[in-house]
Amino acid sequence: MQLAIITGVTVLVTGLFLAPLSAQLDDQAMRRALAIAQSTAAQPQIATSLLTTAPRPDGAVQAAAERIRRSTGAEYVVIMDKQGVRWSHTDTSRIGEVVSTDPSTALAGRSVMEIDSGTLGRSARGKVPLLDGSERVVGAVSVGIAYDSVRARLLAAIPGLLAYAGGALAVGALAAYLISRRLQRQTHDLAFSDISALLTEREAMLHSIREGVVALDRTGRIRLLNDEAQRLLGLGPDAAGRRLDEALGDGRTTDVLTGRVVGDDLVTVRGNRVLLANRVPTDDGGAVATLRDRTELEYLGRELDSTHGLIDALRAQDHEHANRLHTLLGLLELEMHEEAVEFVTEVVGVHRATAEQVTEKVHDPLLASLLVGKATVAAERGVALRIAPGTLLPDRLVDPRGLVTVLGNLVDNALDAAAGSDGARIEVELRAEDRTVVLRVRDSGPGVPAGDHESIFMEGWSTKELPAHGKRGLGLPLVRRLAERQGGSVSVTGFPGDGAVFTVVLPEALGEPDRLSAPSPGEREVPDLPGQGGPGDLSARSRADRAGGNAPGGPPGPGRPATSGDLP
């Protein structure tokens with residue numbers, strides 16, 4: 001197609017050039033004939049001869065005309081009188097005859113230039129009046145330039161013109177070839193119809209998939225934004241063509257999409273959505289980023305973490321209760337009834353003491369249940385779980401499930417770190433500072449090297465062996481993401497041999513206090529614990545025990561022996 005266009009343009013330009021060239025050569029020939037005729041008419045002896053002699057083939061007029069014709073290269077020089085009778089001609093037999101063309105214009109005193117046919121064929125002619133000494137018209141002079149000579153000049157110019165046209169055509173063909181090769185490389189040798197079909201399919205595919213797709217050019221401008229990306233990022237269709245920094249503003253999402261933060265499956269937060277982003281650079285210097293909505297998955301993950309914590313607590317308590325039931329069965333079979341009563345009273349008192357001490361300091365039922373369950377799991381693993389003296393958390397949490405996930409992950413990591421160490425212990429502190437919640441978990445494990453204080457929060461980092469069924473290194477990154485999502489932070493202190501202290505600060509984690517509806521600490525319901533009655537029953541029994549002298553941690557009363565298993 002490009003070669004056809006170039007060839008057509010070259011032929012058209014050549015034709016357009018030849019047309020005025022032919023007219024120009026005709027004009028030059030007519031002007032030359034007119035100039036010869038004027039120079040001939042300017043010789044006075046010719047006019048004198050017309051007035052004094054008769055037309056003869058060997059006369060002076062014929063001799064003068066032939067001399068001029070040979071010297072100028074004209075086809076003919078014809079001199080006529082006022083009657084149109086020839087006095088000169090290249091064919092002497094025609095001397096004395098009337099000319100074949102109308103000489104009236106020249107005989108009327110006006111010059112004539114024309115292309116016409118005569119007895120000698122087609123020629124370029126020039127005719128002028130012949131004047132005597134008194135400026136009277138006594139005849140006319142007609143000079144012809146053979147038209148074949150004009151055509152010969154035109155044909156002689158054509159080879160050079162065609163050479164230029166051929167050169168231009170060759171350059172155009174080379175340029176067309178280079179452009180065609182470039183287009184083929186850029187379009188991967190696809191035909192125009194294939195490209196059109198691909199474009200249609202691409203538009204349909206991009207706007208139908210449930211992943212956000214953002215295409216950027218080399219300057220960071222948005223080239224493409226599908227419907228899902230608009231929804232996830234909160235942008236409109238007019239965002240295309242704008243710089244990503246202008247459309248999204250500063251933040252981690254912008255840093256991930258522009259490539260300032262690199263990695264696979266990067267987690268970022270946009271508004272109230274948790275997004276998973278991947279970015280792939282393109283050959284032209286741009287990039288394509290995909291976005292997946294992880295909001296629901298994060299929520300389900302937190303639910304799963306909470307469920308796992310409760311399952312672990314139930315499993316530990318089931319194991320513990322089985323051992324105690326076996327002990328109780330042995331005492332009854334040995335008919336040691338008093339010892340059996342004392343054993344049951346002691347076990348019930350320990351559990352009530354743990355629940356009472358937790359709920360007096362942690363008023364949120366989810367967190368209290370988690371701590372009671374983790375205390376049982378810790379006891380099974382030989383780790384003492386303590387509540388710090390400064391702990392006091394009201395029941396005004398904005399996102400209690402999120403804090404359950406944070407606390408559960410930190411306690412689980414602390415259990416793994418402290419288990420097996422001498423004097424294994426964990427201390428948990430939860431306190432409120434205005435509307436900010438400060439959570440601190442301290443363990444007696446080996447601690448964290450100073451160089452790894454940031455690395456431990458990266459996904460996949462772990463000191464434990466990789467299990468065959470999945471990945472490790474997810475708990476602490478999840479804790480950091482949840483904390484940062486609420487505008488908070490998480491940090492670790494402690495060095496090898498001193499244990500580790502994880503501190504989480506969550507601003508605006510508590511709602512405004514409601515003085516009319518907030519129950520006092522003494523009226524808090526105690527969460528259900530495995531193997532015991534409901535919250536009301538547990539609270540009522542605790543108050544009854546206090547009334548009877550059996551308060552946990554107090555002096556032994558008539559129905560309760562002293563125990564050493566109370567949670568400090």
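Report the residue count in the range 505-520 for those that are touching a strand residue (DSSP E or B) at 6+ places or on another chain (Cβ under 9 Å) and at pLDDT below 80.
0
Looking at the range 157-173, is at least one residue open to solvent by 70 Å² or more (accessible area, probe 1.4 Å), touching a Ser or Thr at 6+ places or on another chain (Cβ under 8 Å), assigned to a helix (DSSP H, G or I) and among the aliphatic types (A, V, I, L, M)?
As a first pass, look at the range 157-173 and keep what is open to solvent by 70 Å² or more (accessible area, probe 1.4 Å): 159, 162, 164, 171.
With touching a Ser or Thr at 6+ places or on another chain (Cβ under 8 Å) added as a condition, the list becomes 162.
Filter once more, so that each one left must be assigned to a helix (DSSP H, G or I): 162.
This time we only want the ones that are among the aliphatic types (A, V, I, L, M), so: 162.
The answer is yes; a qualifying residue exists.
Taking the residues in the range 91-100 that are under 13 Å from Arg56 (Cα atoms) and not charged (D, E, K, R) as candidates, determine which candidate is surrounded by the fewest Cβ atoms within 10 Å (Cβ to Cβ). Step through it out loud before you land on a result.
Here is the first cut: in the range 91-100, the residues under 13 Å from Arg56 (Cα atoms) are 91-97.
Restricting the remaining residues to those that are not charged (D, E, K, R) gives 92-93, 95-96.
Working: Thr92: 14, Ser93: 8, Ile95: 21, Gly96: 14.
Looking at the filtered set, the residue picked out is Ser93.
Within the range 26-47, can you find the residues that are open to solvent by less than 80 Å² (accessible area, probe 1.4 Å), polar (S, T, N, Q) and farther than 16 Å from Ala140 by Cβ?
Here is the first cut: in the range 26-47, the residues open to solvent by less than 80 Å² (accessible area, probe 1.4 Å) are 26-30, 33-37, 39-43, 46-47.
Pick out the ones that are also polar (S, T, N, Q) and you get 28, 39-40, 43.
If the condition is that a residue be open to solvent by less than 80 Å² (accessible area, probe 1.4 Å), polar (S, T, N, Q) and farther than 16 Å from Ala140 by Cβ, then Gln28 is the only one that fits.
Identify all residues within the range 238-290 that are touching a helix residue (DSSP H, G or I) at 6+ places or on another chain (Cβ under 7 Å) and farther than 18 Å from Leu482 by Cα; write none if there are none.
Pass one, the range 238-290, residues touching a helix residue (DSSP H, G or I) at 6+ places or on another chain (Cβ under 7 Å): 239, 244-245, 247-248, 254, 257-258, 261, 266-270, 273-275, 277, 279, 289.
Matches in the range 238-290: Ala239, Leu244, Asp245, Ala247, Leu248, Thr254, Leu257, Thr258, Val261, Arg279, Ala289.
Which of the residues that make up the range 439-459 are open to solvent by 70 Å² or more (accessible area, probe 1.4 Å), within 25 Å of Leu385 (Cβ to Cβ) and either at pLDDT below 70 or not in a loop (DSSP other than H, G, I, E, B) (or both)?
Matches in the range 439-459: Arg442 only.
Answer yes or no as to whether Ala23 is of a type in the set (A, V, I, L, M), under 23 Å from Tyr147 (Cβ atoms) and surrounded by fewer than 19 Cβ atoms within 10 Å (Cβ to Cβ). I'd like the intermediate steps shown before the answer.
Numbers: of a type in the set (A, V, I, L, M): yes; under 23 Å from Tyr147 (Cβ atoms): yes; surrounded by fewer than 19 Cβ atoms within 10 Å (Cβ to Cβ): yes.
Yes; evaluated as a whole, the condition is true for this residue.
Inside the range 263-277, can you point out the residues that are assigned to a strand (DSSP E or B) and either among the charged types (D, E, K, R) or modelled with pLDDT of 80 or more (or both)? Let's see the steps before the verdict.
In the first step, residues of the range 263-277 are kept if they are assigned to a strand (DSSP E or B); the result is 266-270, 273-277.
Listed by number, the residues that qualify are Leu266, Arg270, Arg273, Leu275, Leu276, Ala277.
Which of the following residues is of a type in the set (Ser, Thr, Tyr) and over 60 Å from the mean Cα position of the chain (by Cα): Thr14, Thr105?
On the way: Thr14 fails: over 60 Å from the mean Cα position of the chain (by Cα).
None of the other options fit; the residue is Thr105.
Of these, Val428, Val406, which one is touching a residue at least 60 places away in the same chain (Cβ under 8 Å), outside any loop (DSSP other than H, G, I, E, B) and of a type outside the set (Lys, Arg)?
Numbers: Val428 fails: touching a residue at least 60 places away in the same chain (Cβ under 8 Å).
Answer to the selection: Val406.
When you go through (1) modelled with pLDDT under 85; (2) touching a strand residue (DSSP E or B) at 6+ places or on another chain (Cβ under 7 Å) one by one for Leu297, which number turns out not to apply?
Among (1) modelled with pLDDT under 85; (2) touching a strand residue (DSSP E or B) at 6+ places or on another chain (Cβ under 7 Å), the lone unmet condition for Leu297 is (2).
Which residues, counting only those in the range 57-83, are open to solvent by less than 20 Å² (accessible area, probe 1.4 Å), touching a Gly at 6+ places or on another chain (Cβ under 8 Å) and of a type outside the set (A, V, I, L, M, F, W, C)?
Listed by number, the list holds a single entry, Tyr76.
With respect to Arg86, determine if the residue is in contact with a Lys or Arg (Cβ under 9 Å, 6 or more places away or on another chain), open to solvent by less than 70 Å² (accessible area, probe 1.4 Å) and without any contact (Cβ under 8 Å) to a residue 60 or more places away in the chain. Explain how you work it out, then say what you get.
Working: in contact with a Lys or Arg (Cβ under 9 Å, 6 or more places away or on another chain): yes; open to solvent by less than 70 Å² (accessible area, probe 1.4 Å): yes; without any contact (Cβ under 8 Å) to a residue 60 or more places away in the chain: yes.
Yes: the conditions hold for Arg86.
The values are calculated or read from the model by the stated rules, or taken from the named source; none is laboratory data. As the structure is a computational prediction, the values presented were derived from the model and not from experiment. We place every Cβ from the backbone using ideal geometry, glycine too, and count neighbours over all the protein chains shown. We work out accessible area using only protein heavy atoms, side chains counted, and drop any ligands, DNA or RNA first. Shrake-Rupley method; radii C 1.70, N 1.55, O 1.52, S 1.80 Å.
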